[in-house]
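Visitor: First, the structure itself, so that you have it in front of you.
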Amino acid sequence: MSLKTTLQEDLKTALKSGDQEKTGIIRFLFSQIQNAEIDQAKKELTDEQLIKLIQKQVKKTNDSLEMFKKGQREDLVTKAETEIKILKSYLPEQISDEELSKAIDDIIDQNENLKDNLGALIGKAVGQLKDRADGSRIAQMVREKLG
């Protein structure tokens, strides 16, 4: 089943159960999907493109969450945390720190020539692991290993 179909089914379920938060979040996500499809001349997004779109929305919401915490807006913090939780449920499972560490070690070993260029090494690692781990998490671990 495609990710878009899953979203449609979950929207129906949320509507029937009266879950207003989830309904609102999925509807917003559909508006983002529709905008992206319009930008691509009405071509339907692939699951990979949908995942990138959801990841982008999670990142935006995380940024907002930090601002809400600084502003001591507990009502908005709770709302943002709920939104992140729902959005992340549609993303592929993230790998553990142990698996990520091993994958980064392999990338560093394969790219000995980039050990002096932290930015290029982080770019290489993010490029290879972006579907399985958050970019900031990857960058932090590369910095720790080479730090």
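Read-outs: derived from the displayed coordinates by stated rules, not from any lab. These numbers come from a predicted model, not from an experiment. Neighbour counts are summed over all protein chains in view; Cβ atoms, including those assigned to glycine, are modelled from backbone coordinates with ideal geometry.
Visitor: DSSP loop (so not H, G, I, E, B), at most 16 other Cβ within 10 Å: list which GluC sites (Glu not before Pro) in the stretch 1-71 pass both filters. Could the numbers behind the result be given before it?
Guide: Values: sites: 9, 21, 37, 44, 48, 66; in loops: 44.
Those satisfying the criteria are 44.
Visitor: Please quote Rg/Rh for the stretch 97-146 to two decimal places, taking the Kirkwood radius as Rh and restricting both calculations to Cα atoms.
Guide: 0.90
Visitor: Now for a separate question. State the answer as a single residue: which of 67, 104, 86 lies farthest towards the positive end of the charge dipole of the chain, with beta carbon charges of +1 for Lys and Arg and -1 for Asp and Glu, about the Cα centre.
Guide: 67
Visitor: Summing Lys, Arg as +1 and Asp, Glu as -1, what charge do residues with Cβ under 13 Å from the Cβ of residue 69 carry, residue 69 excluded?
Guide: Values: positive: 70, 73, 79; negative: 63, 66, 74, 75, 81.
Spelling it out: positives minus negatives among the neighbours equals -2.
Visitor: Top mean-square fluctuation among 49, 20, 57, Gaussian network model of the chain, C-alpha springs under 10 Å?
Guide: Between 49, 20, 57, it is 20 that shows the largest mean-square fluctuation.
Visitor: A follow-up question, please. Can you tell which of 3, 136, 26 lies farthest toward the positive end of the dipole of the chain, using +1 and -1 charges on the Cβ of basic and acidic side chains (Lys, Arg; Asp, Glu)?
Guide: About the Cα centre, the residue reaching furthest to the positive side is 26.
Visitor: What is the magnitude of the charge dipole of the stretch 1-107 about its Cα centre, with +1 placed on the Cβ of each Lys and Arg, -1 on the Cβ of each Asp and Glu, and no other charges, expressed in debye to the nearest 20?
Guide: 580
Visitor: Here is a further query. At a threshold of 8 angstrom on Cα-Cα distance, excluding pairs fewer than six apart, so keeping six or more, what relative contact order does the stretch 97-146 reach in percent? Before the final figure, lay out the partial values.
Guide: Working: 29 pairs, mean separation 19.3, N = 50.
Answer for the stretch 97-146 is 39 percent.
Visitor: Within the set of other residues whose C-beta is less than 15 Å from the C-beta of residue 49, count the net charge using Lys and Arg as +1 and Asp and Glu as -1.
Guide: 0
Visitor: In the chain, how does Rg compare with the Kirkwood Rh, expressed as the Rg/Rh ratio over alpha carbon atoms?
Guide: That ratio is 1.04, to two decimals.
Visitor: Follow-up question, since we're still on this one. So, in nm, how far is label residue 131 from label residue 105 when the simple model puts each one 7 Å beyond its Cα toward the Cβ?
Guide: Computed distance between label sites residue 131 and residue 105 equals 2.5 nm.
Visitor: On to the next question. Please compute the modelled spin-label separation between residue 82 and residue 66, points set 7 Å along Cα→Cβ, answer in nm with one decimal.
Guide: Distance between the two pseudo-spin positions: 2.4 nm.
Visitor: Quick one: compute the contact order of the chain, relative version, from alpha carbon pairs under 8 angstrom and 6+ residues apart, as a percent. List each step's numbers first, then the result.
Guide: Details: 93 pairs, mean separation 25.7, N = 147.
In percent, rounded to a whole number, it is 17.
Visitor: Okay, moving on. Taking the alpha-carbon set of the stretch 3-88, what are its Rg and Dmax in Å?
Guide: 13.9, 42
Visitor: Sum -39500 (n - 2.57) across every DSSP H segment of at least 4 residues in the chain, then divide by the residue count to get the 222 nm mean residue ellipticity, nearest 500. Present the calculation step by step, with values, prior to reporting the outcome.
Guide: Numbers: 7 runs with 112 residues, N = 147.
When only DSSP H runs of four or more count, the value is -25500 deg cm²/dmol.
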